[in-house]
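**Student:** So that we are looking at the same thing, I have put the structure below in structure tokens.
The values are calculated or read from the model by the stated rules, or taken from the named source; none is laboratory data. Fair warning: this is a prediction, and the values are worked out from it, not measured in the lab. Note: ideal-geometry Cβ built from the backbone for every residue, glycine included; neighbour counts use all protein chains shown.
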Amino acid sequence: MPQNDTLLYRIQDKRLIAASAATPTAEICFGIAPLETAAAVLQTLGGDSSFLPEILAGHAAKFESRIGLDLIRLNVLNGKKFILSNNPVLLTVTHDRLLVFCDSNSLRSDLAAFAQKAEDVSFDNILYFLFKQLTTEDGERLDHIEAEILALEDRLLEGEHTPEYARHIASLRRKLFTLKGYYEQFYDILDGITENENGFFDDEALRYFRIFQGKLDRLNRHTGNLRDYITQVRESYQAQVDIELNKIMKLFTVITAIIAPLTLIVGWYGMNFPMPEYGWAMGYPVVILISAAVVALLVYYFKKHRWF
């Protein structure tokens, strides 16, 4: 669907029919349009567009219930980069009209396909379909992240702990944090919908939203479990790094302990005054033997106590 297309529908025999140029504005009950055309579409349909700057300001998801009008702003997840898009989905709901404004071509196409195939249309099942589409790939995303964490854990057990490993852990934590924020916005929206201040939704409609909230709870729990899991893997990684660092420090300690007696001998015989051993023919060999014996004894001692 081209970027500038606006699709408007009317209901006939409980089905959505594409509106024509001759369709009265009052009969148009559903519309899909790019976000940049929101003001123009609302004005064309005789609606108020003064709320747009306020509802689109900032980055947080919003639900506002005004007299005869519900406003919903939802952030969209960029699944490839795992970031929230700067261009949200905006929905306006009245007792007889639902308008969806978004810049995602695929989402607008999915909504248009749903509108053409749906046999019993209501605002609640359109909203339910939209919410499902915004989370339809999340189960697969979480499974993929879980597989990555398992692979990281296997590499850790094999003794691999490179800097890339740490960066991979940080990347997965950011993805899970983004998903957590993405799901939390739906809870805020669902709270506003279920309060139903304008009475736009009946009990059957609210049941659909409770079903979606159940799915959302499962996704959110899965995300929380994976965050705990990756935290445990990060702690295991840090423990492994600490163990390796301790091994290195122990090695340097052993080397220092072996070198220290030799340094003492060097310092002793490097003093600038005559010593009795200087006139002894066996003095030099004896010092060599003493040095070798000290090294041998220290190596034996450290090996016996498993320092290396």
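**Student:** Restricting the search to region 132-169, which residues are among the hydrophobic types (A, V, I, L, M, F, W, C) and closer than 17 Å to residue 80 by Cβ?
**Tutor:** 134, 142, 145
**Student:** Continuing with this model, one more query. Within region 108-144, which residues are basic (Lys, Arg) and buried (at least 17 other Cβ atoms within 10 Å of the Cβ)?
**Tutor:** 108, 141
**Student:** Any idea how many residues of region 1-31 are closer than 17 Å to residue 95 by Cα and β-branched (Val, Ile, Thr)?
**Tutor:** Adding up the residues that qualify gives 3.
**Student:** Cβ-Cβ distance below 7 Å, separation of 6 or more or different chains: which pairs start in region 237-259 with a residue that is loosely packed, with under 13 Cβ neighbours inside 10 Å and end on one that is modelled with pLDDT under 80?
**Tutor:** Qualifying pairs under 7 Å: 251/308.
**Student:** Which residues, taken from region 82-134, are within 17 Å of residue 199 (Cα to Cα) and of a type in the set (S, T, N, Q)?
**Tutor:** 92, 94, 122, 125, listed by residue number.
**Student:** Quick test of your reading of the structure: residue 274 fulfils all but one of (1) surrounded by 10 or more Cβ atoms within 10 Å (Cβ to Cβ); (2) outside any helix (DSSP H, G or I). Name the failing condition by number.
**Tutor:** Going through (1) surrounded by 10 or more Cβ atoms within 10 Å (Cβ to Cβ); (2) outside any helix (DSSP H, G or I) one by one, residue 274 breaks only (1).
**Student:** Turning to a different aspect of this structure: Give region 56-88 a look and list any residue that's assigned to a loop (DSSP other than H, G, I, E, B) and free of Cβ contacts under 8 Å to residues at least 60 places away in the same chain, or say none.
**Tutor:** Within region 56-88, 57, 58, 59, 76, 80, 81, 85, 86, 87, 88 meet the criteria.
**Student:** Scan region 144-153 and tell me whether some residue there is under 28 Å from residue 64 (Cα atoms) and either charged (D, E, K, R) or in the same structural domain as residue 76 (by TED's automatic domain parsing) (or both).
**Tutor:** no
**Student:** Would you tally the residues in region 193-229 being surrounded by 12 or more Cβ atoms within 10 Å (Cβ to Cβ) and in contact with a His (Cβ under 9 Å, 6 or more places away or on another chain)?
**Tutor:** Counting residues in region 193-229 that are surrounded by 12 or more Cβ atoms within 10 Å (Cβ to Cβ) and in contact with a His (Cβ under 9 Å, 6 or more places away or on another chain) gives 2.
**Student:** Filter region 146-193 for residues that are touching a residue at least 12 places away in the same chain (Cβ under 8 Å) and of a type in the set (A, V, I, L, M) and give the result.
**Tutor:** The answer is 149, 152, 156, 166, 169, 172, 176, 179, 189, 190, 193.
**Student:** Also, quick follow-up: Take residue 206 and decide whether it is part of a helix (DSSP H, G or I), under 23 Å from residue 134 (Cβ atoms), at pLDDT 90 or above and hydrophobic (A, V, I, L, M, F, W, C).
**Tutor:** no
**Student:** Quickly run through region 260-294 and pick out the residues that are under 30 Å from residue 245 (Cβ atoms) and in contact with a helix residue (DSSP H, G or I) (Cβ under 6 Å, 6 or more places away or on another chain).
**Tutor:** 261, 262, 294
**Student:** What's the number of the condition residue 284 fails, among (1) modelled with pLDDT under 90; (2) within 46 Å of the chain's Cα centre (by Cα); (3) assigned to a helix (DSSP H, G or I)?
**Tutor:** Going through the list (1) modelled with pLDDT under 90; (2) within 46 Å of the chain's Cα centre (by Cα); (3) assigned to a helix (DSSP H, G or I), residue 284 breaks only (2).
**Student:** Also, I was wondering about something else. Which numbered condition trips up residue 35, out of (1) under 25 Å from residue 192 (Cβ atoms); (2) buried (at least 18 other Cβ atoms within 10 Å of the Cβ)?
**Tutor:** Checking residue 35 against (1) under 25 Å from residue 192 (Cβ atoms); (2) buried (at least 18 other Cβ atoms within 10 Å of the Cβ), the one that fails is (2).
**Student:** Could you grab me the full set of residues in region 111-140 that are more than 23 Å from residue 210 (Cβ to Cβ) and in contact with a helix residue (DSSP H, G or I) (Cβ under 8 Å, 6 or more places away or on another chain)?
**Tutor:** Scanning region 111-140 gives a single hit, 115.
**Student:** If we scan region 209-230, do we find a residue that is touching a residue at least 12 places away in the same chain (Cβ under 8 Å), touching a helix residue (DSSP H, G or I) at 6+ places or on another chain (Cβ under 8 Å), within 26 Å of residue 72 (Cα to Cα) and not in a helix (DSSP H, G or I)?
**Tutor:** Within region 209-230, not a single residue is touching a residue at least 12 places away in the same chain (Cβ under 8 Å), touching a helix residue (DSSP H, G or I) at 6+ places or on another chain (Cβ under 8 Å), within 26 Å of residue 72 (Cα to Cα) and not in a helix (DSSP H, G or I).
Matching residues to (1) closer than 30 Å to residue 174 by Cα; (2) surrounded by 17 or more Cβ atoms within 10 Å (Cβ to Cβ):
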| position | (1), (2) |
| --- | --- |
| 14 | no, no |
| 57 | yes, no |
| 71 | yes, yes |
| 83 | yes, no |
| 106 | yes, no |
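**Student:** Let me ask another. Can you name the residue in region 1-29 that is outside any loop (DSSP other than H, G, I, E, B) and either among the hydroxyl-bearing types (Ser, Thr, Tyr) or closer than 12 Å to residue 41 by Cβ (or both) and is also modelled with the lowest pLDDT among such residues?
**Tutor:** 25
**Student:** Checking residue 103 against (1) without any contact (Cβ under 8 Å) to a residue 12 or more places away in the chain; (2) touching a Pro at 6+ places or on another chain (Cβ under 6 Å): exactly one of these is not met. Which one?
**Tutor:** (1)
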